[in-house]
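Read-outs: derived from the displayed coordinates by stated rules, not from any lab. Worth saying up front: this structure is predicted, and the values here are computed from it rather than measured. Here Cβ is always computed from backbone atoms with ideal geometry, including for glycine, and neighbour counts include all displayed protein chains.
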Amino acid sequence: MTVLSIFLVWSCQPEEGENVPIAHDHPPPPAPPPCTMTPNTPLNWKLADAVERGDTETARRLLARGASATARMNRVGYPRKGDRLIAQMPEKYYWTNRVKYIKVFRLLVRSTKNVNAADGSGDTLLRSAVYMDDPSTVEWLIKRGATIDSKRLLLMVSPKQSAPNNRAIMRHLLENGADPNVANEDGETPLVLAAQFGDPEIVGMMLKHKADPAHRTHYGFTARDWAKKRGLWRIVAMLPPTP
C-alpha cells in the first residue's frame, strides 16, 4: 500500500456521530470519499502521513524539501469549512501521546510564515496551540503577530486542567489584549471559572487585568458566590462583595 493510500484511509474516515452501518452478512459499505490536498503535491501527502504517525524527523526532512505545513485537506463533496491544515493534524492524536504530537506540532508551526493561517472554520494555529495546552507555542505565535480572538481563546483555558501550563497561556493572552470579561453560553467568565475551580493565582491574574468581580452568570452567581458555595475562603477574601 502506498503512502498516499494509507493517508487517505485515515483522513477520509467518517467523523464521530456519522451513521455508518456495519453488517457482516452484507457487502461492505462504500469506500469513504477521496480527499483533496491544496497545494496537491506528493511532498504534502507524504508530510501528512508523517504527521499522522508523529514522525518528527521525516516531517522535518519533508519540510526542508518544500512540503507545506499549511496545505489544506478536505474530503471531496464536503463544504470548505471542513478544510484542515496539516499543521492542525496533531490535535487529533494529542491526547493519546502528548510528547510525540506536541513535538511534531511545534515543528510544523515554526515552519510556517503565516502565523494567522486558519482552516475552513476559521480555527487558527494559535487556537490549536491553546487547545493543545502548549504555552511555548502560544508565546511564539503571539510574538510574531498572531491575532488573539479573545472571545474563543481565553475561554478555552480551563483552570481545572494542567494548571501551570494554563496559567502561562492565560498570562500570554491577557498581556496581549485578550478581553478578561468574555463569557461563555452560561454567562461564565474566566474569573468565575477560576473561582469555581479554586485557582487563586488565576483569580488574581484576572483581577489584575480588570476582570469584573460583579459580573453575574445567567443563573445569577458572581465569582465570589461560587467561592463561598465551595468553601474556598482564600478566594472569597480576594473578591469584593457585590450588591
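Its Cα gyration tensor gives the range 161-243 an equivalent ellipsoid. The semi-axes, each the square root of 5 times an eigenvalue, are 19, 14, 11 Å from largest down. Between Lys113 and Thr36, the simple label model (points 7 Å from Cα in the Cβ direction) yields a spacing of 2.4 nm. Fully extending the segment from Val99 to Arg53, taken as 0.36 nm per residue of separation minus the present Cα-Cα distance, adds 15.3 nm. Projecting the Cα atoms of Gly120, Ile148, Thr137 onto the dipole axis of the range 92-221, where Lys and Arg carry +1 and Asp and Glu carry -1 at the beta carbon, places Thr137 farthest toward the positive end.
At a Förster distance of 25 Å, what's the computed FRET efficiency of Thr242 paired with Tyr131, Cβ-Cβ distance as r, to 0.05? Plugging the Cβ-Cβ distance into 1/(1 + (r/R0)^6) gives 0.15. Here's how it looks for Cys35: its modeled amide H is under 5 Å from those of Val76, which are all 5 or more places away or on a different chain.
Against the 2.2 N^0.38 Å scaling, with N counting residues, where does the range 100-243 land? I'd like the Cα-based Rg ratio to two decimal places. Write out the running numbers ahead of the final one.
Values: Rg = 16.0 Å, N = 144, 2.2 N^0.38 = 14.5 Å.
After normalising by residue count via 2.2 N^0.38 Å, the value is 1.10.
Using the Cβ-Cβ distance between Glu91 and Asn176 with R0 set to 30 Å, the FRET efficiency from 1/(1 + (r/R0)^6) comes to roughly 0.85. Packing here is the average count of other Cβ atoms within 10 Å per residue, and on that basis the peptides 102-112, 224-234, highest first, run 102-112, 224-234.
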